[in-house]
Amino acid sequence: MQRNGKFALLFHSLFVVFLLAPLVVVVLVAFTPNGYLSYPTSGLSLRWFKAILDNPAFIRAFWNSMYLGIAAATISAVLAIPAALAIVRYQFRGRDGLVSLFLSPLMIPHVVLGVAFLSFFSRIGIYGSFPALVAAHVIIIMPYTMRLVMASVFGMDRSAEQAALSLGSSQWTVFRRVTLPMILPGVAGGWVLAFTTSFDELSMTIFVASPSTTTLPVQMYNHIAHTIDPLIASVSTVLIVITALFMVVLDRLYGLDKVLIGKG
Amino acid sequence: MSFLRLESLTKQYGATTAAKNITLDIAKGEFVSLLGPSGCGKTTTLQMIAGFVEPTQGRILMDGVNITNQKANQRGIGIVFQSYALFPHMTVAENARFGLEMRRVPVDESHRRVSETLELVGLDHLGDRYPRELSGGQRQRVALARALVIRPPLLLLDEPLSNLDAKLRENMQIELRNIQQQVGTTTLMVTHDQSEALSLSDRVVVMNQGCVVQVDEPFNAYEQPNDTFVSSFVGKTNLLSAQVVNRNGQPCLRLGECIFDFPVTAGLESDDIKLSIRPERLELTDIHHGQLIGRVRTRLFLGNHWLYQIESNAGDLLVTLPNHGFMAIGVGDDVGVRWQPDAVRILKEQAYG
């Protein structure tokens with residue numbers, strides 16, 4: 001079945017190449033034996049992958065980012081479910097205001113948010129702590145979770161809940177056994193998107209993180225601010241591989257379109 | 001003695017009245033349909049009985065108990081929704097088992113009842129499938145099984161067949177009726193499809209603009225409609241304007257150029273009245289033997305019968321003739337239209353709302 005014309009096919013190919021080429025270059029550069037970023041290289045070496053192990057700061061930062069992403073994404077999903085249910089299903093005063101509030105972090109530059117959080121957290125004395133970092137991340141990833149959870153609540157057939165009620169369920173059981181499983185694809189998609197956003201976030205986190213709570217992007221940024229060596233490429237390669245494996249597993253278990261687009 | 005009783009049930013949304021003074025008695029084991037166009041209040045009525053909508057006024061009694069203020073999950077009523085409302089993340093058997101789980105029925109009994117009910121609806125071989133793997137008709141059956149497995153005292157069907165294609169709908173009608181008779185559950189169905197209501201129900205409740213217009217057996221609702229709304233909503237009809245005239249001191253009816261006796265002209269409030277004659281009660285003949293004369297404007301072949309549209313002095317007439325395998329009358333022909341005296345119904349204008 002030929003669905004794309006020649007021009008469309010060319011466009012798609014260019015698009016994919018443009019998307020993937022930088023990643024390919026990074027991966028190739030990571031295998032250089034030299035002490036500087038270069039390609040083509042004079043040979044293949046795992047020197048810079050070994051170097052990661054000699055830099056525990058990177059490994060610590062990786063785990064910081066993981067914990068931060070998991071905590072922030074989970075908290076935002078847990079908050080987004082009742083919020084989305086209320087906003088989509090009920091008319092109440094301040095409803096539109098609430099929606100704007102939840103989505104507003106998308107419209108404020110992260111640098112501005114970073115400065116604001118920095119001064120706010122310093123003032124109340126929690127600057128640099130892990131909970132403060134989580135709180136800041138929950139706020140900036142909330143729009144993503146909200147959007148996906150709201151979409152799935154909106155698309156849900158409410159008569160399924162009425163059916164469960166008529167069969168004798170309590171309101172709580174209806175939520176647990178029917179509503180939650182039915183909006184779960186949206187919640188999971190929101191979680192994944194939120195996690196990725198949190199894991200990736202640099203421009204705000206750089207203001208909020210302290211040396212003990214440095215995240216991976218901040219660590220990488222600090223590193224290249226001082227020295228440019230292929231360590232950055234090898235760290236990136238490890239991340240790319242982890243992400244790719246994660247996507248493959250996710251696709252096998254649930255189907256990527258289900259998780260990312262929230263397809264039933 | 002009535003099993004389900006609605007006493008002047010009313011629902012108002014702000015200024016609009018969705019259902020007005022609905023009073024109805026349904027006997028145990030009866031199959032009753034609420035029939036009407038969209039927005040006539042039939043679904044609102046169903047939702048009030050189910051407990052999803054709180055009545056503004058009136059009472060609902062089931063088996064002598066006032067359930068008006070009871071919560072939906074306390075009523076134990078089985079409901080089949082228009083969208084089927086199956087739980088997509090559960091298999092067919094899990095869907096059917098849900099109500100029993102909520103009632104904490106012991107595992108072996110619930111297992112037995114689920115397989116019994118799935119067998120009843122002919123799905124015993126599909127218990128492990130998910131709803132998305134089923135056809136529309138099969139989903140419909142799952143929904144029915146899920147509602148019946150709790151052995152509800154009352155079964156509510158909300159437009160149960162409207163999402164099925166015509167052929168399947170007919171089969172499901174027969175099956176639904178059989179299952180209902182077999183189980184004997186008192187059933188109330190909401191539908192806008194008059195043929196569905198006529199074929200399935202013991203009694204039909206015709207509704208319009210939030211009011212009950214007529215409660216009758218299907219045959220009577222069709223043959224003796226109360227007013228112009230019922231006669232045109234339940235089946236096809238020719239609604240004609242006629243005048244009461246005097247012929248030799250006898251009151252008669254005048255329809256176009258035709259003047260004829262009518263037994264119950266006495267007591268008519270006005271000289272201008274509405275008549276209904278069903279298309280299948282009109283006959284076509286040659287122009288010398290008809291009571292009215294007309295010309296064929298359109299002719300449609302509908303398989304088992306022909307539908308004619310005839311222009312006449314009394315207005316356009318629809319006539320259906322059975323298909324006997326040959327066709328004598330064509331478009332543009334002049335014809336006579338004839339009917340038996342007992343085919344004519346005098347109707348009240350609709351007066352409510």
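The values are calculated or read from the model by the stated rules, or taken from the named source; none is laboratory data. Quick caveat: nothing in here was measured; it's all calculated off a predicted structure. Glycine also receives a Cβ, built like all others from the backbone with ideal geometry; neighbour counts cover every protein chain displayed. All accessible areas refer to the heavy atoms of the entire protein, side chains included, with ligands and DNA or RNA removed. Shrake-Rupley method; radii C 1.70, N 1.55, O 1.52, S 1.80 Å.
Brief remarks on what is shown
- In segment B:87-110, residue least open to solvent (accessible area, probe 1.4 Å) [restricted to those that are in a loop (DSSP other than H, G, I, E, B) and at the interface with another protein chain (Cβ under 7 Å from one of its Cβ atoms)]: B:87
- Whichever residue in segment A:127-145 is part of a loop (DSSP other than H, G, I, E, B) and small (Gly, Ala, Ser) and, among such residues, is farthest from the other protein chains (Cβ to nearest Cβ): A:128
- Considering segment B:144-189, and only residues there that are open to solvent by 60 Å² or more (accessible area, probe 1.4 Å) and aliphatic (A, V, I, L, M), the residue that is modelled with the lowest pLDDT turns out to be B:166.
- Failed item, numbered, when residue A:247 is tested on (1) farther than 24 Å from residue B:130 by Cα; (2) open to solvent by less than 20 Å² (accessible area, probe 1.4 Å): (2)
- Any pair with Cβ under 9 angstrom, 6 or more apart, that starts in segment A:71-93 at a residue that is open to solvent by 10 Å² or more (accessible area, probe 1.4 Å) and ends at one that is of a type in the set (D, E, K, R) and at pLDDT below 95: A:86/A:95; A:89/A:158
- Per-region count, segment B:11-35, residues within 17 Å of residue B:204 (Cα to Cα), open to solvent by 40 Å² or more (accessible area, probe 1.4 Å) and not in a strand (DSSP E or B): 1
- When B:8, B:38 are checked against the criterion of being surrounded by fewer than 16 Cβ atoms within 10 Å (Cβ to Cβ) and in a loop (DSSP other than H, G, I, E, B), B:38 stands alone in meeting it.
- Whether a residue is in a helix (DSSP H, G or I) and either in contact with a helix residue (DSSP H, G or I) (Cβ under 7 Å, 6 or more places away or on another chain) or within 14 Å of chain A (Cβ to nearest Cβ) (or both) was assessed, and residue B:155 does not pass this test.
- Residue A:175 aromatic (Phe, Trp, Tyr) and within 14 Å of another protein chain (Cβ to nearest Cβ): yes
- Verdict on residue A:188 being of a type in the set (A, V, I, L, M, F, W, C) and either within 14 Å of chain B (Cβ to nearest Cβ) or open to solvent by 60 Å² or more (accessible area, probe 1.4 Å) (or both): yes
- Residue list for segment A:146-170, filter: facing another protein chain (nearest Cβ under 7 Å), outside any helix (DSSP H, G or I) and not aliphatic (A, V, I, L, M): A:157, A:168, A:169, A:170
- Criterion violated by residue B:135 - all others in (1) of a type in the set (Ser, Thr, Tyr); (2) more than 14 Å from chain A (Cβ to nearest Cβ); (3) buried (at least 16 other Cβ atoms within 10 Å of the Cβ) satisfied: (3)
- Only residues that are within 19 Å of residue A:186 (Cβ to Cβ) and buried (at least 18 other Cβ atoms within 10 Å of the Cβ) were counted in segment A:100-115, giving 1.
- Condition broken by residue A:250, with the remaining ones in (1) modelled with pLDDT under 85; (2) outside any helix (DSSP H, G or I); (3) not charged (D, E, K, R) satisfied: (2)
- Residue in segment B:220-235 that is in a loop (DSSP other than H, G, I, E, B), under 28 Å from the mean Cα position of the chain (by Cα), surrounded by fewer than 18 Cβ atoms within 10 Å (Cβ to Cβ) and hydrophobic (A, V, I, L, M, F, W, C) present: no
- Pairs with Cβ under 6 Å, 6+ apart, first in segment B:65-84 and in the same structural domain as residue B:140 (by TED's automatic domain parsing) and over 18 Å from residue B:102 (Cα atoms), second open to solvent by 10 Å² or more (accessible area, probe 1.4 Å) and in a strand (DSSP E or B): B:66/B:59; B:68/B:59; B:81/B:158; B:82/B:158
- All of (1) assigned to a strand (DSSP E or B); (2) of a type in the set (A, V, I, L, M); (3) within 11 Å of chain A (Cβ to nearest Cβ); (4) out of contact with any helix residue (DSSP H, G or I) (no Cβ under 6 Å at 6 or more places or on another chain) hold for residue B:61 with one exception: (3).
Yes/no per residue for (1) touching a helix residue (DSSP H, G or I) at 6+ places or on another chain (Cβ under 8 Å); (2) more than 30 Å from residue B:98 (Cβ to Cβ); (3) open to solvent by 10 Å² or more (accessible area, probe 1.4 Å):
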{"position": "A:123", "(1), (2), (3)": "no, yes, yes"}
{"position": "A:160", "(1), (2), (3)": "yes, no, no"}
{"position": "A:178", "(1), (2), (3)": "yes, no, no"}
{"position": "A:202", "(1), (2), (3)": "yes, yes, yes"}
{"position": "A:209", "(1), (2), (3)": "yes, yes, yes"}
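- Segment B:323-353, residues that are free of Cβ contacts under 8 Å to residues at least 24 places away in the same chain and either open to solvent by 80 Å² or more (accessible area, probe 1.4 Å) or among the hydroxyl-bearing types (Ser, Thr, Tyr) (or both): B:324, B:326, B:328, B:342
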